[in-house]
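> A single structure is presented below for examination.
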Amino acid sequence: MTETQSKTLCVSVVFRGTRSERLCLTPSAVIAISADDTPEYNRRQAVSLSAERKEKLILFQRRKSTVQYLVLLAGGLLLAACTATNPIDTSAFTTFKHQSGTFSLQVPQAWKQYQADVPTESMAAFSEPDGRAELIGYAGLLDRRLNESEWQAIVAELIKALLQYPPDLQITNQQRQPDGAYTAALSFTRANAKRSGIAVFRAEPLALSGVILSGPEAGWADFQKAIQPSLDSFKVDPVYVQGTYFEPLDGEVSALAIPAGWAKQRAATSRKARSPNGQLQIVITQKAEEKLLTTSELAERGVRLGETILGQGALTSTEQLPDGRLKVLVDQGARTTIGYLDQKDGFVIGLFFETPTDRLADYQAIIDFMYSTYITGK
């Protein structure tokens, strides 16, 4: 069972039918988990589309048909540090690639490995054999450009969730680095042993990603230096982000890729989807029209088509795009709608993105990506 809260996605997981654990995976703006009994990852699902539409959308139809939940920091795996005094093994680095394909990094070959994912997030944890140190990698869908206060709040919540909420966790020295990375120093207790740590997070194209390293407080500087190649090697693959974290929104005569798991509504002539925080709404719709419309007529009909779903607004600009579609901008006061209009196969077809006016620029990257997947026609 799952429950989506305002900040954290928590999952009740049953191990071998006997033991239950509660795993809290994510920060704010998360989505529900989909899973079935088929042990196959990134399976391309069959979607009822024409051959042309299948060819263009195939990258975005790859969904996880099952989700393997591994409690990364529970069950005596990463929590049970022993009292060994030998040096922590940081030798023989080997390449790890997450089962979703979304990220990779170099890790010491002798360290234990665990991984898990949900439709728009992937994580992996690595533990030194004696449990005295751990490394966590994470990549999740980023639907907007974050302001500084959002960075601090979201990254802090991610760190807490990925470390399983140590009660004495201290997050200090939060800084923005010249290369754009967001870093923080960590201090907490794991299995009665004091630990130091570092977190490094970045905004990738369509992804928020990062690594968390922790180890014994005593000798922390030397350990961090020895393991630094692992942190430096962390890399997100944008192709797999696009192919894994998105799914089709399929209308009668149009389709595009949207983030997996976003809430959807179906109506007779439209499909709607909304981001978890409610700030971005996507609408695809159409209306029968046999007459060949002029550009001004298409703009007028298209705006009226959008208004039936999103409410009234004032048309502020039109732009003829190289692909033949008409782009319109509609001012609704506190909100703004970007529309893409087309006439094909006896329909006026509209794609609309509605956001708060003051955040339109923050959502532009994901809007541009979704539009790049948009196709129309029967």
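No lab work stands behind these numbers, since they all come straight from the coordinates. What you see is a predicted model, and the numbers here were worked out from it, not measured in a lab. So basically every Cβ, Gly included, is an ideal-geometry build from the backbone, and we count neighbours across all protein chains shown.
> Provide the packing ranking of 316-324, 151-159, i.e. peptides ordered by the mean count of other C-beta atoms within 10 Å per residue, highest first.
Listed from highest to lowest mean packing, they are 151-159, 316-324.
> If you put +1 on each Lys and Arg Cβ and -1 on each Asp and Glu Cβ, how big is the dipole of the stretch 186-307 around its Cα centre, in Debye rounded to 20?
440 debye
> Using alpha carbon centroids, what distance separates the stretch 315-366 and the stretch 152-194, in Å?
40 Å
> Using a 7 Å offset from the Cα along the Cα-to-Cβ direction at both residue 97 and residue 149, what is the distance between the two label points in nm, to one decimal?
Inter-label distance under the simple model: 4.2 nm.
> Give the residue from 206, 174, 191 lying farthest towards the positive end of the charge dipole for the stretch 157-219; charges sit on Cβ (+1 for Lys and Arg, -1 for Asp and Glu) and the dipole is referred to the Cα centre.
The residue sitting farthest along the positive end of the dipole is 191.
> Determine how many Å³ per residue the convex hull of the Cα atoms of the stretch 114-175 encloses.
Here the figure is 104 Å³ per residue.
> Toward the positive end of the charge dipole of the stretch 251-376, about the Cα centre and with charges on Cβ (Lys, Arg +1; Asp, Glu -1), which of 373, 299, 317 goes farthest?
The Cα lying farthest towards the positive end belongs to 373.
> Put +1 on the Cβ of every Lys and Arg and -1 on every Asp and Glu Cβ in the stretch 251-376; which of 254, 267, 363 then has its Cα farthest towards the positive end of the dipole?
Highest projection toward the positive end goes to 267.
> Still on this structure, please answer the following. Based on the Cβ-Cβ distance from residue 228 to residue 193, what FRET efficiency comes out when R0 is 22 Å, to the nearest 0.05?
In this case the efficiency is close to 0.50.
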